[in-house]
Amino acid sequence: MTKHKIALLDGDGIGPEIMAEAVKILELVASRNKLEFDLVHGAFGASAYFEHGHSFPDATKQLCDEADAILKGPIGLSHEESKKIPVDMQPERGALLPLRRRYNTFANFRPVFLPKGLAHFSPLKPEIIGDGIDFIIIRELVGGLYFGAKEAGINSDGKRYVKESLEYDEDQIKRIARVAFDTAMKRKKVLHNIHKSNVLKSSVLWNEIMEEVGANYPEVEVKHILVDAAATYLCLNPGQFDVMVMENMFGDILSDQGGGILGSLGLMPSACIGPDKAYYEPSHGSAPDIAGKNIANPYSMIGSVAMMLEMSFGLVQESRNVWHAMQSVFAQGYSTPDLSRPGSDLKMIDTQAFGDLVASELQKL
Ligand code: IPM
Ligand code: MG
């Protein structure tokens, strides 16, 4: 029997609740496909700091090293609570970025997907949504400003100052460009390259390399769009996008905007792929305000499982089945309170009930 070891990093806030639903689906997938998933939980994030003194403890590093894939929940605390943790141990700097660096997970896939029938979740007008929203953001995840050298101090005028650098070398850009073009080849063969070359030198090099790599993909049409303009088009006409590629910070911001046009970041799963290891995570935060209330939708976590099934284990059909099962639950008019606006006539269910319904829909496929 094929056996895969999966590290489960529940994280903070709503993390454990939505992870429990993802585990339900993983167990069902294992039994349906005669596979064995060895699911091992590891401490990660603020909760790990309070329990073990480190937000990415050594035992978790070892677990992740040994795992065939990693499923990670959201991390982080409220602004006030974060202050109880030393700056470098705060879960973003102390756990998440080190996880990305450790496995060099440079390619971040963030699907922004909402079928026409679920347009009610979106704040956009139905005529803008048209046949639905369906594009994917490919974000470079281990370079740029988030990983560049940083310094802060007092300058020669006695003023507090800060300096952070945005660096990319050509190999870093080439590899994400190839991922983007390969993805475009599998979809509609249109790639939107997002940049800011009217101001940033980093974008000038980025665009140059996109053109060079693009020469090997003559079938793909490349459209270069400034990042600020892209933010507008995402609201006015998201249907024009199919695959979008961008550097780390642009991707952080525009992918949250992607969640915004769907109606919630709770609808945003993601995959973070490195040369030898991949991890999967919701694109959203730990939502401390609704933690423990059993109202968070597990879609982003179960969607991350679907991405893992396809991208780490090659279970393409089963991955589609999981997506389909989630969409069917929504299509029957169900929602969790976190996703719906006041006054909606959707049938409200809790986190666990949503997971149960996804499992029962999956069993029908
Ligand atoms: C994301 C998150 C992270 C990021 C934070 C938590 C460091 O916002 O995955 O988009 O900025 O990359
Ligand atoms: Mg973000």
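The values are calculated or read from the model by the stated rules, or taken from the named source; none is laboratory data. Note that the structure is a prediction, hence the values are computed from the model and not measured. Keep in mind that these areas ignore ligands, DNA and RNA; they rest on the heavy atoms of the full protein, side chains included. Shrake-Rupley method; radii C 1.70, N 1.55, O 1.52, S 1.80 Å.
Structure notes:
- If both residues of a DSSP beta bridge must be in the chain, then about 45% of such bridges are antiparallel.
- Normalised by the number of residues in the chain, the average gap of Cα pairs under 8 Å and 6 or more apart makes the relative contact order 20 percent.
- The Cα-based radius of gyration and maximum Cα-Cα distance (Dmax) for the chain are 20.4, 70 Å.
- Unsatisfied cross-links (Cα-Cα over 19 Å) in the set Lys61/Lys150; Lys163/Lys201; Lys34/Lys186; Lys196/Lys277; Lys150/Lys277: Lys61/Lys150; Lys34/Lys186; Lys196/Lys277; Lys150/Lys277
- Per-residue 3J(HN,Hα) values for region 120-133, derived from phi via the Karplus relation 6.51 cos²θ - 1.76 cosθ + 1.60 with θ = phi - 60°, read 5, 6, 7, x, 7, 6, x, 5, 7, 6, x, 7, x, 10 Hz in sequence order (x marks Gly and Pro).
- Taking the inverse of the mean 1/r over every pair of distinct Cα atoms in region 115-264 gives a Kirkwood hydrodynamic radius of 16.7 Å.
- Averaged per residue, region 283-341 has 35 square angstrom of accessible surface, using a 1.4 angstrom probe with ligands and nucleic acids left out.
- Calculated accessible area for region 115-264 comes out at 50 Å² per residue, all protein chains present (probe 1.4 Å; ligands, DNA, RNA ignored).
- Expressed to the nearest 5 percent, the antiparallel share of DSSP beta bridges inside region 115-264 is 30 percent.
- Based on Cα contacts under 8 Å between residues 6+ apart, region 90-181 shows a relative contact order of 25 percent.
- Exceedance of the 28 Å cut-off in Cα-Cα distance is limited, within the set Lys3/Lys364; Lys72/Lys189; Lys84/Lys293; Lys83/Lys293; Lys116/Lys364, to Lys72/Lys189.
- Apportionment of accessible area to carbon and sulfur, the chain, percent (1.4 Å): 52
- Length-normalised contact order for region 23-82 - Cα pairs under 8 Å, 6+ apart - percent: 24
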